[in-house]
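Worksheet: the structure to be examined is printed underneath.
Quick note: the coordinates plus some simple rules give every number you see, no bench work behind them. Since the model is a prediction, treat every value here as computed from it, not as a measurement. Glycine gets a Cβ as well: all are built from the backbone with ideal geometry, and neighbour counts include every protein chain shown.
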Amino acid sequence: MNHKWSEKTRAPNGDSRKVCTREGCEIVCVSRHRIEPNGRQDHYKEWFRGSARIQIGGNTPACEAVEVRVGTAGAAVQFTLARGGSDVG
Ligand SMILES: [Zn+2]
């Protein structure tokens with residue numbers, strides 16, 4: 001399954017990031033742009049899941065979206081989203 005990417009957001013330093021919006025995957029792809037000391041431009045990708053960096057460069061990791069089933073009995077998983085406040089960073 002291919003990732004379903006969100007729109008890219010661009011950081012002031014030229015990096016851009018996008019997020020897989022499929023439930024259970026939610027992998028983050030960050031495109032890094034660097035200029036090496038010799039003036040050569042370098043760009044590579046990093047992938048994150050949550051705050052953990054799972055891969056640098058190479059091929060895009062597989063999408064690990066969960067199958068969405070309608071009417072799942074039992075296991076009602078609740079995600080508590082800590083929202084509000086003004087987080088710095
Ligand atoms: Zn994905």
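Under a Cβ-Cβ cut-off of 11 Å, what is the net charge of the residues other than SER16 that fall near it, where Lys and Arg count +1 and Asp and Glu count -1?
+4
Over the stretch 1-69, consider all pairs of different Cα atoms and compute the Kirkwood hydrodynamic radius from their mean reciprocal separation; express it in Å, one decimal.
When all Cα pairs of the stretch 1-69 are included, the Kirkwood radius is 13.0 Å.
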